[in-house]
Amino acid sequence: MPASQQRKTPTIRDVAREAGVSVATISRFLNNPAILQAETARRVEAVMEELEYIPKLAARNLSSRNTRTLGLITEYLDGEFFLPLLTGMESAAFEHNYSLLISSTRHWKESRQRMLPLGPHNCDGLLVFPGSLPAEYLERWQRQEFPMILIQHMLAELPALPRITIENRQSSRDATLHLVQVHGCRRILYLAGPEGHHDARQRLAGYQDGLAAAGLPADSQLILSGQFNEESAFAVCRQAIQQGLQFDAILAGDDDSALGALESLRAAGLEAVPLIGFDGILLGQRSRPPLATVLAPTEEVGELAVQHLVGILEGKQVPLESQLPCTPHFFGSCGCPLP
């Protein structure tokens, strides 16, 4: 493409010409990508990415801020964790007179055949959950000055993107020291989350910090992959018990994996083994005994993320990182009496 064209804002006609299709085809793609043949949709999307094209209507809306729509994009929407997060987001969006669009990229990431369901083409700003989008999409949108807030993660590739995080590392350290100092534990099995996940990395580091502070050696055999998933945690804990792995407590990277660990302990007749999770989901509090956990301010994270995104849309300065504290709820499954 000539240098003179590169300096101009691309139009729908530029996209049509480069993709070898009509303007009407591009219009149909923008309204409903599924009606095009897969190969045509892929070619159109590739050209739009190459040209960094924003549809004209969306560009006009972005300048006037009159769509009053925010987007949340995440890979998965299952699990109890999302309910308080969405409650906080919806409450803040309503307060500021915005609608909230929610979309999962799980199927998009598997197919790569359609335009992203949310982005500059249909919302004023975006709330981005970990693992939902490749960094190159966020890099392109940042160059376009599209407002975005990262939720409970940060990206090394985009250090200037504002984010809302929680105090994972210190909280996990405190939970580890609680098991050591209050319950006399020395071999604490840790159920780690997915590799590359921000919260998972920070919580694992906190567990290791706690062991070091207590003067206990780190044993890689005691770190198992719980994957923030109840079934995965149940399976790895059951296998560890069957293979005779010696441990006297379990610290889980989240409550889902803690519940899986709790079931494996019950099945083996080891209910007395102290267990602590992380997040504070409702299902954990309904278990018997209640799940000892680190209570994360998930609803507050959702509220603050929307407030900061609206602030950006209103031309205000927002902090680069806002870190919210967690609250220990160490009773029940850890062995401490109920309050």
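Within the stretch 259-286, residues that are touching a residue at least 12 places away in the same chain (Cβ under 8 Å) have Cβ atoms under 6 Å from residues that are among the basic types (Lys, Arg) and in a helix (DSSP H, G or I) in these pairs: 264/238, counting only partners at least 6 apart in sequence or on another chain.
Filter the stretch 171-191 down to the residues that are among the aliphatic types (A, V, I, L, M) and assigned to a helix (DSSP H, G or I), then identify the one that is surrounded by the fewest Cβ atoms within 10 Å (Cβ to Cβ). Can you show your working first?
First, the residues of the stretch 171-191 that are among the aliphatic types (A, V, I, L, M): 175, 177, 179-180, 182, 188-189, 191.
Subset that is assigned to a helix (DSSP H, G or I): 175, 177, 179-180.
On the way: 175: 27, 177: 16, 179: 26, 180: 19.
Selected residue: 177.
Conditions (1) in contact with a strand residue (DSSP E or B) (Cβ under 6 Å, 6 or more places away or on another chain); (2) over 30 Å from residue 249 (Cβ atoms), marked per residue:
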residue: 132; (1), (2): yes, yes
residue: 136; (1), (2): no, yes
residue: 141; (1), (2): no, yes
residue: 145; (1), (2): no, yes
residue: 149; (1), (2): yes, yes
residue: 154; (1), (2): yes, yes
residue: 175; (1), (2): yes, no
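Close contacts from the stretch 67-84, counting a first residue that is closer than 24 Å to residue 146 by Cα and small (Gly, Ala, Ser) and a second that is outside any loop (DSSP other than H, G, I, E, B) and at pLDDT below 90, with Cβ to Cβ under 9 Å and a gap of 6+ residues or different chains, come to 71/103. When the stretch 289-321 is filtered for residues that are touching a strand residue (DSSP E or B) at 6+ places or on another chain (Cβ under 7 Å) and more than 20 Å from residue 96 (Cα to Cα), the ones remaining, listed by number, are 291, 292, 293, 294, 295, 296, 297, 321.
Of all residues in the stretch 117-170, those satisfying the criterion of being of a type in the set (D, E, K, R), free of Cβ contacts under 8 Å to residues at least 40 places away in the same chain and outside any loop (DSSP other than H, G, I, E, B) are 136, 139. Would you mind stating whether residue 288 is exposed (fewer than 15 other Cβ atoms within 10 Å of the Cβ) and in a loop (DSSP other than H, G, I, E, B)? Yes, satisfied.
For the stretch 86-102, indicate whether the set of residues that are modelled with pLDDT under 85, over 21 Å from the mean Cα position of the chain (by Cα) and assigned to a helix (DSSP H, G or I) is non-empty. Break it down stepwise before answering.
First, pick out the residues of the stretch 86-102 that are modelled with pLDDT under 85: none.
No, because not a single residue in the stretch 86-102 is modelled with pLDDT under 85, over 21 Å from the mean Cα position of the chain (by Cα) and assigned to a helix (DSSP H, G or I).
Answer yes or no as to whether residue 333 is out of contact with any Asp or Glu (no Cβ under 8 Å at 6 or more places or on another chain), surrounded by 17 or more Cβ atoms within 10 Å (Cβ to Cβ), modelled with pLDDT of 95 or more and assigned to a strand (DSSP E or B).
no
Within the stretch 219-278, the set of residues being in a helix (DSSP H, G or I), buried (at least 20 other Cβ atoms within 10 Å of the Cβ) and polar (S, T, N, Q) comprises 257, 264. Can you tell me which residues in the stretch 192-215 are surrounded by 16 or more Cβ atoms within 10 Å (Cβ to Cβ) and within 18 Å of residue 177 (Cβ to Cβ)? Result: 202, 203, 204, 206, 207, 208, 209, 210, 211, 214. The residues in the stretch 185-216 that are modelled with pLDDT under 95 and farther than 30 Å from residue 128 by Cβ can be counted, and the count is 0.
The values are calculated or read from the model by the stated rules, or taken from the named source; none is laboratory data. Given the structure is predicted, the values throughout are model-derived calculations rather than measurements. Every residue, glycine among them, receives a Cβ derived from its backbone with ideal geometry; neighbour counts consider all protein chains shown.
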